[in-house]
Structures are given as C-alpha cells and as structure tokens.
Amino acid sequence: MMKLTDYVIDFLTKRGVYHGFILQGGAVAHLIDSGERNRNFTVVPMQHEQAAAMAADAYAKLSDSGFGLAMSTSGPGATNLITGIACSYYDSISTIFVTGNVASFRQSDRIGVRQYGFQETNITEMCRPITKYSVRISSPHMIRYELEKALYLAKEGRPGPVLIDIPDDFQREILNVDILPAYEIEEPVYDKFENITNEIAQLLPLIKTAQRPVFVFGAGLRLAGIEQKAVDLAKKLNMPFLYTWALKGICDWSEPLCAGTFGTNSPRYGNFTIQNADLIISIGSRLDTHATGKLDLFAREAKLVVVDIDRSELDKFEPLGKTADYLFCADAELFTDALDKAVTESETVVCCDAWLEQIVQWKQNYQPKLDQATSQIDPYQFFKQLSQYTNQYRLFTLDTGSGLAYFMANYYESKGQRAITAFNNTPMGYSLPAAIGAAFATGMKETIICISGDGGLQINIQELATLAYHQLPIKIIVVNNAGHTMIKQTQDDWLGSNYYGSSTEYGLPLLKFKPIASAYGINAVVLEKDCDIKAALTELLSGNAPCLMDVLIDHTVRIDPMIKWGRPLEDSSPILSREELELNMYVPVMGIPERICGGDESTGS
C-alpha cells in the first residue's frame, strides 16, 4: 500500500528522474512532501514556476534519463509553466510537468461554470497544443497507466513534453500498487521507414557527381545521440557539413570539413556555403525560417535531400513553394547507418577538393567584426577571447538576443562543448534557470557559463536567489547594451529608429548589475574596456562560487551579419558591393529587393 504522491515520486526515480524543480503551493504540497521524503529524490525550490519549467527543460537535455521534471500548484502556478512547456515542445524535449488541481468534486466542468474550486484552471486543455500528451487523472487508480503512457509518449517518435494534472483529493489516496492497471504500448505513430535500402541507393549517384555538396546536421542528431556518427560519415565521404545552432560543439571550429552554422544571424562563410551548394543532405533539421531565410531564395540550385522523423515537417515544403528532391521520414540514426553502409559498400568518396578549399578561404576572409569605433567593449573581440579562456568548459546556457547571436557567430568552439538555449520558442529569461537545471543535471561538478542580456536577465532575475542558496558553480556574463538591441535593429529597419519600448529613453532601466548581484550575496565584476578582458575573465572564472560579470557594450552597436527582409542568405548586412558578392557566388546573384519602407539600401561595401 502506498500514498499516490509517494507512488509518483517512486515511479519517477526508478526511471532516472532524481530532481524536481518546484514552487510550493496548496494543490502540490503532497507531491512536494513525498519528494522530500524520498531519499533518492531532491526537491529544488525555484522562485517562479516559469523558471522551474525552464530549469527542467535544460535538465532533460543533459540528464542520463533524458527526462526533466517540474511540479506546480493549480491556477497561476500551472499557467506560469506554459512558456517553459512551449520551450520543450518546440525543441522536442522530454520534459515532465506535474500539476496539482482542485479536488475532483470541486471541478467546474461537472457543473458547467467558469470556475468552482479555488485557483482552479483547466491546464490540461490549455497545454494540449504544446504537449505530446496532456491529461487530468480521472481516477487515482489510473495513476500508473497515465504515468507509463505519458513517459512513453514523451520519448516515442519525435520527443516532447507531457503534462499530468492530479486533483488534490486523489493525491492523498492510499493505493494497492499491485493491482494498478498498466499501459500497453501502442504501435509507433511515425513511419520508421525501415526499408530504405533502395531509396538510399538513389542518393549515391547524386553524391558521386556533386561538385559542391554539403551535409546539414540538425538537433535531431543530438536527440538520437549520433553526432559523432554523422561527423564520421562526413569524413568518410570527404564531404563538408554545416550545423544548426543546437549542434555547436559537434567538432572543433577549425575542423576543415566544418563550414560552421548558417541562417539569418550567421557568418557569411556558412551562408555562402549553403547558398552555393549543388547538393544538400539535411539530417534532423526542420529547416525553419531562421535557417533558410526567405524559403524560395534558399539553396536555389541545390538538390535537396531532407531526413526528418516527423512527416509533417517533410510535407510542408510543397505548400510553401519549395521543391525538396528526396524526403525521408526516418529516424536520424536509421538513415545515417543505412547511408554509411551504402557508402562503404560502394566505396563512394566525394571529389570536391576545390570546394573544400573555397570553404576554408571563406572562413578566413569573412570573420564577423565591429565596423564602428567604440569606447566600450567590442562584443566580437570579447566572444573570441572568451573562447580562448573557456575552452576547457563544456556547458553554456544562453538567452535569446544579441548575446546569443554574438556567441554563435564569434565563439570558436572546441569539440564536446555545448550551447543550451530554447532555440525555437526563444524566450528572454531562459539562460539563468537553464544554468541551474544544468548544474543539478551534472551533479554540480561542472562550471556552467551562463550568458544573458541586460533585458533577458531581468525576466528571471529572482533566480539569483536560487543560485546563491545552492552556491552553484555558475558564471554569469551579462551582455549589457542598455536595452533590447535586436528589437532596436528591427526598429532601425522598419520604424525609423523609434526605439519605443526597447531603450532606456522609453522605460527600460539602465541597471548596474554588480550591486544587484551583491544584494543576492553573489560576487561580481564590471568590464568596461577591451584591455581589461583578460583580467575580468580571470576573476570571473576563479573558484567554484557563483560570480557575475557585467559587460558594458555601446547601445548603438548592432549585430552583423544580419539578413534583412527579402534578401537571400548570401546577401547579409553590411551589404557587400555587387562585384564582391559575385566573386563569392557560384550561382547567379539575385536582384536587390525594394524596401517596403524607407527606400533602397546602399549597395556599397
């Protein structure tokens, strides 16, 4: 016999979930009490449910089980989880969310009113579009069935979050666990495409004859755990590869076959590579708008092969007006193994030495740099120096915004390093709670580099209290450019540089983060001059205690390169002369689109 909440915690620990990120509340008190009483489980109180959800998301990305857990009370506690749930859904992360709810006999759907029980909210219906499975327990005796079903669905096919809502009266039930009904695993809901030998064979002539081929490696490789397999396949073929942001650290930046990343905020060398390719084999990337820019201008003369486990991601190309030549609805590992076998048997090797030399030349010639004078920190140089001083550290958590863009374009990664952020939902405020989740997932044995902006840190700044309480080995770097720079850049392009809501002139604070950190009991350092970067990083990284560095950047500095509306990926800002662009293009250069507002842009270099 076992109390239901004791059973839930025991069930989760047996599946490798040893931490739960929580904010206490009346409808979740029994769950948290059971967690505290279980010697194999640690309850981690956060200061906000959104932060708890984000910590669980990052934890899932790093834990051995592949699961993360957040628990909250009913009503506002449950709704505060939603942003973090969406992060897990759009990044395909197997996070478990358990919410308490009002007692079953106080639920409004029984009597047809808007709300009956105190702090009652129908969280399961709210979260159905952003979960793989969302259920309110209908009977305490269904708890085993629903837990088994939820955890199975969280991993089956394309992963994603699940939510289990447990009424308060059910939580207190004493159960005979030996007679609880189990979940019988159903057939997979995706096409495993197990017989792909013939289909793979059709690709070999394309690979053999390609002059400018490239692999695109996406986050699906990490979900399948085959990053090294993919790199080994590229080396066997002597074929270059690009990666999406989620795979930064798949190899050393200096790897000759690595063309870096690509997309709307990526360096020119990666975008030149993808746009000039004549064959693209994309594995585990959904090729979203951030990667492709304007889809009809993406990889205009390339044969396109796309491998994805989600059929809907493949079916989207035709209605969007893009031709994909070969579509494989398959598990990334299954496809990679089959292609590797076919390549071995056929002794296929790509003969594209001139193409590889061109990519290396682009990497040398088109490093992002600051094109204006500044009396404060040059962010491009800062992140390049950061890569020198932190190459021994494995984990970086990042917020959306300029810090993320600077890091992805200017940090020279070493193999095995990993950048963790909410790549697709991309909320401000993610990096600090994610760093906390990462610290617990790694047993607090690794230093975590947490990169945030002055705007992003504000969203979940209360978690400095969590950081200080546990004395986690987290080093925070605040990219402080006195406002929301990426929004300002949009306002520059479209709204006449009217910085409403994005600048200190219009309501945003000009914060000094050193005294704020001190108020939470965290040491801090301020970096104002490029000549002090080495000393400041040395101070930040010394010891295991948490520390914060406030990096002051001129608020007028913008993020380059950047694709502006209507331009193809190869034509990023600052705009190159047409002569220089043509020298770097194997395919015809596109005409310059007219601006919707503000007139044409200069074509000068």
With the structure loaded, tell me whether ILE166 is under 18 Å from ASP10 (Cβ atoms) and either of a type in the set (Lys, Arg) or open to solvent by less than 10 Å² (accessible area, probe 1.4 Å) (or both) or whether it fails that test.
yes
Among (1) outside any loop (DSSP other than H, G, I, E, B); (2) in contact with a Gly (Cβ under 9 Å, 6 or more places away or on another chain) - the single one SER387 does not satisfy:
(2)
Of all residues in segment 151-178, how many are touching a residue at least 24 places away in the same chain (Cβ under 8 Å) and over 32 Å from the mean Cα position of the chain (by Cα)?
11
Looking at VAL557, VAL525 in this structure, which one is in contact with a strand residue (DSSP E or B) (Cβ under 8 Å, 6 or more places away or on another chain) and at negative phi?
VAL525
Filter segment 173-205 down to the residues that are modelled with pLDDT of 90 or more and exposed (fewer than 13 other Cβ atoms within 10 Å of the Cβ), then identify the one that is farthest from ALA86 (Cα to Cα).
PRO205
Within segment 270-318, tally of residues that are under 23 Å from ASN238 (Cα atoms), open to solvent by less than 10 Å² (accessible area, probe 1.4 Å) and not in a loop (DSSP other than H, G, I, E, B):
16
Can you tell me which residue in segment 105-142 is surrounded by the fewest Cβ atoms within 10 Å (Cβ to Cβ), limited to those that are more than 15 Å from ILE85 (Cβ to Cβ) and hydroxyl-bearing (Ser, Thr, Tyr)?
SER138
What single numbered condition from (1) more than 27 Å from GLU301 (Cβ to Cβ); (2) at pLDDT below 90 fails to hold for CYS352?
(1)
Answer yes or no: is there a residue in segment 351-362 that is open to solvent by 40 Å² or more (accessible area, probe 1.4 Å), among the small types (Gly, Ala, Ser), within 23 Å of GLY260 (Cβ to Cβ) and out of contact with any strand residue (DSSP E or B) (no Cβ under 8 Å at 6 or more places or on another chain).
yes
Quick check, is GLN381 part of a helix (DSSP H, G or I), open to solvent by 40 Å² or more (accessible area, probe 1.4 Å) and in contact (Cβ under 8 Å) with a residue 12 or more places away in the chain?
yes
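Let's see how each residue does on (1) in contact (Cβ under 8 Å) with a residue 24 or more places away in the chain; (2) assigned to a helix (DSSP H, G or I); (3) within 26 Å of PRO267 (Cβ to Cβ); (4) open to solvent by less than 50 Å² (accessible area, probe 1.4 Å):
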residue: ILE516; (1), (2), (3), (4): yes, yes, no, yes
residue: ALA524; (1), (2), (3), (4): yes, no, no, yes
residue: ASN544; (1), (2), (3), (4): yes, no, no, no
residue: MET549; (1), (2), (3), (4): yes, no, yes, yes
residue: THR556; (1), (2), (3), (4): yes, no, yes, no
residue: TRP565; (1), (2), (3), (4): yes, no, yes, no
residue: ASP571; (1), (2), (3), (4): no, no, yes, yes
residue: GLU579; (1), (2), (3), (4): no, yes, yes, no
Looking at segment 359-366, is at least one residue in a helix (DSSP H, G or I), in contact with a Phe, Trp or Tyr (Cβ under 6 Å, 6 or more places away or on another chain), in contact (Cβ under 8 Å) with a residue 24 or more places away in the chain and farther than 25 Å from GLN228 by Cβ?
yes
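The values are calculated or read from the model by the stated rules, or taken from the named source; none is laboratory data. Bear in mind that the values here come from a model prediction, so they are computed numbers and not experimental data. Reconstructed Cβ throughout: ideal geometry from the backbone, glycine too, with neighbour counts over all protein chains shown. Quick note on the areas: whole protein, heavy atoms, side chains included, nothing else; ligands and nucleic acids left out. Shrake-Rupley method; radii C 1.70, N 1.55, O 1.52, S 1.80 Å.
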